[in-house]
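Below you'll find the structure, written out as structure tokens, and then a few comments.
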């Protein structure tokens, strides 16, 4: 099956770790460029050469869904083909790939005969989404009063300043602060700020100045 993507475009896509895929709906033959597979640690010889080989590299829970979404597109239920699934990298790690595409060629009757698109590694994007959801879940545990105290903490206010704003004693604010740290499962203010930032709740504060790698890891796990 001849590729319809210009060679210079293929080289560019492979440089950024993307793969072009094509599948003939007449012969079921597929072609894949090496971009993503090289990034996953595979040699060119390991790139799948058949549809079954490609599907076998995906997690068992994802392959059937990927094909169902493709069939939905081909039957006209969706405007474009977009799916994602986990593929095992050469080092054994599961990586997330996004599959996008559409019809390239139709026959005289208007039926699709050649489809194709891109394979992209979106593992970092998925990890960021997961961290954001985890952070939002933790923050949702806080009561309204704890949220008010947290707001003051993110602004870099002292317990006395927070207490004055909320009409609470410094001792009561200290109790709230300890409870917040416990509920959010963080031990330091920089880790607290990092966690809130992952949930999209950031403010300019001196507390953000330097977040050590260990504190970042603490915030998201």
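The values are calculated or read from the model by the stated rules, or taken from the named source; none is laboratory data. The model shown is predicted, which means the values in this text are computed figures rather than measured ones. Cβ sites come from the backbone with ideal geometry, for glycine too, and all protein chains shown count toward neighbours.
What the table below lists for this structure:
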read-out: Top-ranked residue in region 21-53 [being in contact with a helix residue (DSSP H, G or I) (Cβ under 8 Å, 6 or more places away or on another chain) and assigned to a helix (DSSP H, G or I); ranked as surrounded by the fewest Cβ atoms within 10 Å (Cβ to Cβ)]; value: 44
read-out: Residue count for region 149-163, restricted to those that are more than 19 Å from residue 192 (Cα to Cα) and either surrounded by 15 or more Cβ atoms within 10 Å (Cβ to Cβ) or outside the structural domain of residue 192 (by TED's automatic domain parsing) (or both); value: 1
read-out: Top-ranked residue in region 8-20 [being closer than 23 Å to residue 93 by Cβ and surrounded by fewer than 17 Cβ atoms within 10 Å (Cβ to Cβ); ranked as modelled with the highest pLDDT]; value: 17
read-out: Hits in region 48-62 (condition: within 12 Å of residue 87 (Cβ to Cβ) and in contact with a strand residue (DSSP E or B) (Cβ under 7 Å, 6 or more places away or on another chain)); value: 48, 54, 57, 58, 59, 62
read-out: Lone qualifier among 85, 156 - being part of a loop (DSSP other than H, G, I, E, B) and in contact with a helix residue (DSSP H, G or I) (Cβ under 6 Å, 6 or more places away or on another chain); value: 156
read-out: Condition met for residue 145 (at pLDDT 95 or above, farther than 22 Å from residue 32 by Cβ and in contact with a helix residue (DSSP H, G or I) (Cβ under 8 Å, 6 or more places away or on another chain)); value: yes
read-out: Filter result (more than 18 Å from residue 78 (Cα to Cα) and without any contact (Cβ under 8 Å) to a residue 12 or more places away in the chain) within region 106-127; value: 107, 108, 109, 124, 127
read-out: Lone unmet requirement of (1) closer than 17 Å to residue 193 by Cβ; (2) touching a helix residue (DSSP H, G or I) at 6+ places or on another chain (Cβ under 6 Å); (3) in a helix (DSSP H, G or I) for residue 174; value: (1)
